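Enquirer: What follows is a single structure, and I will ask about it in a moment.
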Amino acid sequence: MTAITLINGDGIGPEICDSVVKIIEASGLKIDWDVQTAGADVIEDEGTPLPPRVLESIKVNKVALKAPVTTPIGRDFRSVNVQLRRALDLYANVRPCKNLPNIKTKFKNVDLVVIRENTEDLYAGHEHKIDENTAETIKVITRKASDRICRYAFDYATRYKRKEVCVATKANICKLSDGLFLECFRNVAKEFPKINTREILVDNLCMQLVQDPTVFDVLVMPNMYGDIVSDLTAGLIGGLGVAQGANLGLYGAVFEPVHGSAPDLKGKNKANPSALLLSAIEMLRYIKEDKYADKIEKALFKTFEAGEFTEDLGGKLSTTEFTDAVIAKLK
Ligand code: ATP
């Protein structure tokens with residue numbers, strides 16, 4: 001039986017985890033879930049929101065499914081998500097964005113993927129107060145990280161038969177940092193002459209994405225722009241309830257939805273588990289359980305086609321009713 005780390009998170013995390021575990025179980029696939037708690041709830045007992053046992057578990061299993069984890073604001077803890085990505089060197093954050101069956105959106109034929117650098121930029125943790133009225137956060141861009149994420153994007157485009165990789169920066173303003181990212185992109189691109197390239201400023205990208213997202217294919221960008229742009233692209237296909245993601249590195253992979261812990265919905269049985277389920281489906285493909293991934297995806301799409309939705313997508317189903325609806329389609 002394959003062992004997979006399951007971080008059930010907080011906020012809506014435990015509810016959507018229950019749903020996804022049930023659906024996978026109902027598909028007939030047996031997984032040995034190594035459940036690891038993290039976040040605000042474990043601080044009192046373990047003194048940190050990300051205890052070493054969580055990292056150890058992922059290092060052993062190499063694969064994790066992760067629900068959102070909130071890092072308490074105003075206390076001296078670094079973001080659990082950022083720490084996890086850095087500690088395991090999960091340098092590529094891959095967020096596909098494709099229309100889903102029967103989910104009404106402004107644009108049809110959206111099929112793009114945001115590839116976000118996941119280890120540096122404004123998330124490197126170099127932040128300080130100069131005085132009471134001035135604070136600084138340092139944007140770190142290195143050749144090593146920029147080169148490998150651009151290479152990842154071109155490799156991804158090659159593997160999935162994509163035609164174009166577009167780089168988004170603000171190299172006109174951050175001339176040195178984003179300039180270096182752009183330079184790396186241009187160098188790597190030379191090794192992939194069959195893939196078309198495009199360079200765009202990230203503000204212009206946002207405008208174009210809401211005017212006509214169908215012209216974009218693979219997008220690669222530094223960490224912060226990737227964070228913002230992937231929420232925007234989630235909105236193009238129905239919102240955060242259906243936006244999947246994965247954090248990939250040489251030594252492991254953590255699959256997680258784009259959304260956060262949505263504390264406004266906690267405990268209300270209203271959260272949409274689809275984003276975590278779609279992330280889990282990609283995880284099953286990653287561990288070569290394609291048969292089960294296809295089976296679950298088919299059931300999820302049939303549920304959408306039947307117009308059975310949670311409230312975020314205009315439906316009436318609770319999390320548990322939606323889960324049962326997907327399970328019914330597996331049979
Ligand atoms: P973070 O900064 O961690 O990304 P956030 O505060 O930006 O988190 P999210 O938790 O991602 O926000 O969610 C924003 C809003 O989107 C939530 O308050 C919720 O209303 C909605 N939302 C997010 N995820 C879901 C979901 N799975 N199902 C339904 N609604 C959701």
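The values are calculated or read from the model by the stated rules, or taken from the named source; none is laboratory data. Since we're looking at a predicted model, the values are computed, not measured. FYI the Cβ positions are ideal-geometry reconstructions off the backbone, even for glycines, and counts take in every protein chain you see. These accessible areas exclude ligands, DNA and RNA; they are computed on the full protein's heavy atoms, side chains included. Shrake-Rupley method; radii C 1.70, N 1.55, O 1.52, S 1.80 Å.
Enquirer: Grab the Cα-Cα distance for residue 196 and residue 1, subtract it from 0.36 nm times how many residues apart they are, and report the gain in nm with one decimal.
Expert: Numbers: separation 195, 0.36 × 195 = 70.20 nm, distance 4.21 nm.
Separation in residues times 0.36 nm, less the Cα-Cα distance, equals 66.0 nm.
Enquirer: Okay, moving on. Considering only DSSP beta bridges whose two residues both sit in region 106-236, what percent are antiparallel, to the nearest 5?
Expert: Working: 5 of 18 bridges.
Given both bridge residues lie in region 106-236, the antiparallel proportion sits at roughly 30 percent.
Enquirer: Looking at the chain as a GNM with Cα springs under 10 Å, which of 206, 97, 166 has the largest mean-square fluctuation?
Expert: Maximum fluctuation in the GNM of the chain, among the listed residues, is at 206.
Enquirer: Taking every pair of alpha-carbon atoms in region 106-236, give the share separated by more than 20 Å as a whole percent.
Expert: Of all Cα-Cα pairs in region 106-236, 45 percent lie more than 20 Å apart.
Enquirer: Here's another thing I want to ask about it. Given a cut-off of 26 Å, name the pairs among 288/331; 59/268; 22/108; 106/298; 22/268 whose C-alpha atoms lie farther apart than that in the structure shown.
Expert: Values: 288/331 22 Å; 59/268 34 Å; 22/108 31 Å; 106/298 24 Å; 22/268 18 Å.
From the list (288/331; 59/268; 22/108; 106/298; 22/268), the Cα-Cα distance tops 26 Å for 59/268; 22/108.
Enquirer: Among 45, 147, 34, determine the one that fluctuates most according to a GNM of the chain built with springs between C-alpha atoms less than 10 Å apart.
Expert: Highest fluctuation among the options: 45.
Enquirer: At 1.4 Å probe radius, can you tell me the per residue accessible area of region 106-236 in Å²?
Expert: Values: 6650 Å² over 131 residues.
Result: 51 Å² per residue.
Enquirer: Then there's this: If contacts are Cα pairs under 8 angstrom and at least 6 residues apart, what is the relative contact order of region 106-236 in percent? Intermediate values should be presented prior to the final figure.
Expert: Working: 219 pairs, mean separation 50.6, N = 131.
Over region 106-236, the number comes to 39 percent.
Enquirer: Let me ask something else about it. Taking only C-alpha pairs under 8 Å that are 6+ residues apart, what is the relative contact order of the chain in percent?
Expert: Details: 680 pairs, mean separation 74.9, N = 331.
It comes to 23 percent, rounded to a whole number.
Enquirer: Carbon and sulfur atoms: what percent of the 1.4 Å accessible area of region 106-236 do they account for? Write down the numbers at each step before the final one.
Expert: On the way: 3580 of 6650 Å².
Whole-percent figure for carbon plus sulfur exposure: 54.
Enquirer: For residue 320, what accessible surface area do you get with a 1.4 Å probe? Give it in Å², rounded to 10.
Expert: For residue 320, solvent-accessible area is about 70 Å².
Enquirer: How much length, in nm to one decimal, is gained on full extension between residue 161 and residue 45, taken as 0.36 nm per residue of separation minus their Cα-Cα distance? Write out the running numbers ahead of the final one.
Expert: Working: separation 116, 0.36 × 116 = 41.76 nm, distance 4.84 nm.
Stretched out fully, the residue 161 to residue 45 stretch lengthens by 36.9 nm.
Enquirer: Give the cross-link partners of residue 270 among the aspartates and glutamates, using a straight C-alpha distance below 17 Å as the criterion and excluding same-chain residues fewer than 8 apart.
Expert: Leaving aside aspartates and glutamates fewer than 8 places away in the same chain, those within reach of residue 270 are 10, 15, 18, 308, 311, 312, 321, 324.
Enquirer: Do you know the Lys pair count in region 117-230 for C-alpha distances under 23 Å, with sequence separation 8 or more or different chains?
Expert: Eligible lysine pairs with Cα atoms under 23 Å apart amount to 12.
Enquirer: Suppose every K and R has +1 on its Cβ and every D and E has -1 on its Cβ; what is the size of the dipole of region 106-236 about the Cα centre, in Debye to the nearest 20? List each step's numbers first, then the result.
Expert: Details: 19 positive and 20 negative charges, 156 e Å.
Around 740 debye, computed over region 106-236.
Enquirer: Tally the DSSP beta bridges in the chain and give the antiparallel ones as a percent, rounded to 5. Walk me through the numbers on the way to the answer.
Expert: Details: 18 of 44 bridges.
Roughly 40 percent of the DSSP beta bridges within the chain come out antiparallel.
Enquirer: Using the basic label-point model (7 angstrom from Cα toward the beta carbon), what is the residue 127 to residue 285 distance in nanometres?
Expert: 3.4 nm
Enquirer: Take every Cα-Cα distance within the chain, group them into 20 Å bins from 0 onward, and report for each bin the whole-number percent of pairs it holds.
Expert: Percent of Cα pairs in each bin: 31, 59, 10, 0.
Enquirer: Ok, one more. If the only charges are +1 at each Lys and Arg Cβ and -1 at each Asp and Glu Cβ, what is the size of the charge dipole of the chain around the Cα centre, to the nearest 20 debye?
Expert: With only Lys, Arg, Asp and Glu charged at Cβ, the dipole is about 1300 debye.
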